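The values are calculated or read from the model by the stated rules, or taken from the named source; none is laboratory data. Here the structure is a predicted model, which is why all the values come from computation and not from measurement. Here the Cβ is made from the backbone with ideal geometry for all residues, glycine too, and neighbour counts use every protein chain on show.
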Amino acid sequence: MKGKTLDTAGVEAAYARIAEAIDAAGEHSELFLAKLALTLAWRCGDPAVVEEAIRVALLDLDAETVRPAR
C-alpha cells in the first residue's frame with residue numbers, strides 16, 4: 001500500500017479501539033464492521049489502496065470458504 005501508514009504503536013492502538021467498538025456494537029458487530037470498512041474506503045479515496053487492503057485482509061483465511069473476487 002502507498003501513502004501514509006501507521007507505525008506499530010498506531011496499529012496496536014487502532015486494533016484496541018476497533019475491538020472496543022466491536023464489543024460496544026454487540027449483536028450489530030457485522031454491520032459496524034461493514035460501515036467502518038466503507039467509511040475507511042471513502043476516507044482513503046484511492047480505489048487501488050482499497051483493493052490492496054481487501055487482498056491483504058483475505059490472506060490466511062480459510063481457503064475453502066473464502067475466494068477473492070480477483
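Brief remarks follow.
- Matching residues, segment 35-56, being in a helix (DSSP H, G or I) and exposed (fewer than 11 other Cβ atoms within 10 Å of the Cβ): THR39, TRP42, ARG43, PRO47, ALA48, VAL56
- So LEU61, is it surrounded by 11 or more Cβ atoms within 10 Å (Cβ to Cβ) and either part of a loop (DSSP other than H, G, I, E, B) or at pLDDT below 95 (or both): yes
- Taken together, ALA69, ALA24 contain a single residue that is more than 19 Å from THR5 (Cα to Cα), out of contact with any Ser or Thr (no Cβ under 9 Å at 6 or more places or on another chain), at pLDDT 95 or above and exposed (fewer than 11 other Cβ atoms within 10 Å of the Cβ), which is ALA24.
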